[in-house]
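Have a look at the structure below, then the notes.
Nothing in this text is a laboratory measurement; each read-out follows from the coordinates by a stated rule. Here the structure is a predicted model, which is why all the values come from computation and not from measurement. Cβ coordinates were reconstructed from backbone atoms using ideal geometry, including for glycine residues, and neighbour counts include every protein chain displayed.
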Amino acid sequence: MFSYNVIAEKSLLTCRYLAIIAAIAAPASTAVTGVACVAMLLTWLVSGQVWSSLKISAGQPAGKMLLLFFAWLIISSLYADTSWTDKVDTLSSWKKLFFTFVLFGLFYQPQWKARFIYCYLAAMSLAAVIAIPLWLQDIHVRSGREAGIFMTNHSSQSLAFVVAALCCIYLLKESLSWQKKCLLVGVFFLFLINIFFISPSRSGYLALPVAAAFAFVNLFGYKKLQHVHGIIAGALLLVVLTSSTLQQRIKLGLEEKTNYQTSENITSIGIRVVFAQNTLELIRQKPLLGYGTSSFKSVYGSHVAAKYQDWRGVPASDPHNQYLFVWLENGLVGLVLFLAYIFTAIRQGASQQPYGAIAASVLVAIAATSLFNSNFKTFPEGHLLAFFVGCLLARQPKNKAEEERA
């Protein structure tokens, strides 16, 4: 006969495995990720560890900053001139950070961090192998997607491989057998091929060099910063000269930036420039407190509708810049709290080799791409970030560490 303690233990075990499944599925399947997230929360509730794990989460520096940011999101929703439905929808769009907070209290044990990393690397290695023949044979798995892109979109697939590549960089510094290190080098180059030659995602082109620079400095210190910059610059130059996909995407981006004012149609870069210009105009009117959580769509829509008669007047729910979004809705107060969370999480992770440092590097990568996207809130990238940071950044509480030593 099962006692509640046995059920609770099994539930906690299942909860952790579901978190790993959700992280792996995040860039590829919204359905699997959604089901895994709901099941994870349910098993967490059944485990009886809710209060104790939340206390562990709240005791960590990044957890405290998340609580402050959550509190301000709720406060700023109170003065937004929107319906309660819109307020709840926008608050729920930040639920990825809630998952991060929950996982801080569940994944503090090193063995679970290792299990998380190796499961993710195994899945992404298989995905990287699958993508190459699809690309070579010009096979389109999903309608509207490029050859070799079989995950949600080229951005989510590229960032999934960026995260995997960062895992390889840190693990290569660990005390592993020669065979394992050779295997890591091999899959690392598979990820690079996918990021720079197969995927047309400019987010990936930006994310990996920025995060890799951070990772190398974190591993080898600032004394070798010049060498790090030289190596990365040389590698990027080689990639630019050899990847026709990357060359075409950069050329297209420059053309869209140059011609957006005369373009008759919406372009990826052009619309981002228009978003930024108009969002900044609105921010200047209410810089300190913003317009309130959930206000972007209505405020921005009214502003551009009165200003333009062409595609630039199309309403939007997001400016494709996470920082401008937070600033407009939650003001300078919200932006400072959001940046403080990012800084605190990176600082917390940088001191925990290798797993916390991997989380910090992933956060740096997403923070860089969020200058041109709202990747903290988008489904694939937001969930991937939430689970990596939550699982790998978790710090073991002192009482737990003392129990293990005893």
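Charged side chains reduced to their Cβ positions (Lys and Arg at +1, Asp and Glu at -1) give the chain a dipole of some 840 debye around its Cα centre.
Measuring spread by the Cα atoms of the stretch 53-108 yields a radius of gyration and Dmax of 12.8, 41 Å. Please give me, ordered by residue number, the chymotrypsin sites (Phe, Trp or Tyr not before Pro) of the stretch 298-406 that lie in loop per DSSP and have at most 13 other Cβ atoms within 10 Å. Those satisfying the criteria are Tyr308.
Sorted from longest to shortest, the spans of the Cα atoms of the stretch 117-236 along the three principal axes equal 48, 30, 20 Å. If only the Cβ of Lys and Arg carry +1 and only the Cβ of Asp and Glu carry -1, the dipole of the stretch 265-403 around its Cα centre is close to 180 debye.
With charges set only on the Cβ (+1 for Lys and Arg, -1 for Asp and Glu), what does the dipole of the stretch 117-236 come to about its Cα centre, in debye to the nearest 20? Could the numbers behind the result be given before it?
Working: 8 positive and 3 negative charges, 60 e Å.
Charge dipole, the stretch 117-236, about its Cα centre: 280 debye, nearest 20.
For the stretch 332-388, the gyration tensor built on C-alpha atoms gives an oblate shape. Its axis ratio a/c (a ≥ b ≥ c) is at least 1.5, and a/b is not larger than b/c. Taking a Cβ cut-off of under 11 Å around His154, the surrounding Lys, Arg, Asp and Glu residues balance to a net charge of +3, with basic ones at +1 and acidic ones at -1. In the chain, which whole DSSP H runs stretch at least 15 Å along their own axis (Cα) and average 0.0 or higher on the Kyte-Doolittle scale? Those that clear 15 Å and a mean of 0.0 are 4-25, 30-46, 61-77, 110-136, 154-171, 178-193, 202-220, 225-242, 268-285, 322-350, 355-369, 379-393. A dipole drawn for the chain from +1 and -1 charges on Cβ atoms has a positive end, and of Ser295, Leu384, Leu54 the residue lying farthest that way is Leu54.
Restricted to Cα atoms, the stretch 214-336 shows a radius of gyration and a Dmax of 19.3, 54 angstrom.
Within the stretch 275-327, the trypsin sites (Lys or Arg not before Pro) that combine a DSSP coil assignment with at most 16 other C-beta atoms in a 10 angstrom radius are Lys307.
Can you list the trypsin sites (Lys or Arg not before Pro) in the stretch 110-161 that are in a DSSP coil and have 15 or fewer other beta carbons within 10 angstrom?
When the trypsin sites (Lys or Arg not before Pro) of the stretch 110-161 are filtered for loop state and at most 15 Cβ neighbours within 10 Å, Arg142, Arg145 remain.
Residues of the stretch 136-155 with an amide N closer than 18 Å to a point placed 7 Å from the Cα of Leu252 along the Cα-to-Cβ direction: 136, 138-155.
Using Cβ counts within 10 Å as a stand-in for footprinting exposure, how do His227, His320, His383 rank, fewest first? Intermediate results must be reported in sequence, preceding the final value.
Working: His227 11, His320 20, His383 25.
Taking fewest neighbouring Cβ atoms as first place, the list is His227, His320, His383.
Each principal axis of the Cα atoms in the chain has its own extent, and those three values, largest first, are 69, 53, 46 angstrom.
Less than 12 Å Cβ to Cβ from Leu392, Lys/Arg counted +1 and Asp/Glu -1: what total charge do the surrounding residues give?
Values: positive: Lys113, Arg115, Arg395; negative: none.
Spelling it out: positives minus negatives among the neighbours equals +3.
In the structure shown, do any of Lys64/Lys398; Lys64/Lys257; Lys96/Lys181; Lys10/Lys95 have a Cα-Cα gap over 28 Å, and if so which?
Over 28 Å apart, Cα to Cα: Lys64/Lys257; Lys96/Lys181.
Which ordering of Thr82, Thr90 is given by a fewest-first count of other beta-carbon atoms within 10 Å?
On the way: Thr82 19, Thr90 22.
By the 10 Å Cβ count, ascending, the order reads Thr82, Thr90.
In terms of other Cβ atoms within 10 Å, Trp94, Trp51 run from fewest to most in the order Trp51, Trp94. Translational diffusion of the stretch 71-163 was estimated from the Stokes-Einstein equation, with Rh taken as the Kirkwood radius over Cα pairs; at 10 °C and 1.306 mPa s the coefficient is 95 µm²/s.
By the scheme Lys and Arg +1, Asp and Glu -1, what is the net charge of all other residues having a beta-carbon under 14 Å from that of Ser199?
Details: positive: Arg142, Arg145, Arg202, Arg249; negative: Glu146, Glu381.
That sum, taken over residues with Cβ under 14 Å, equals +2.
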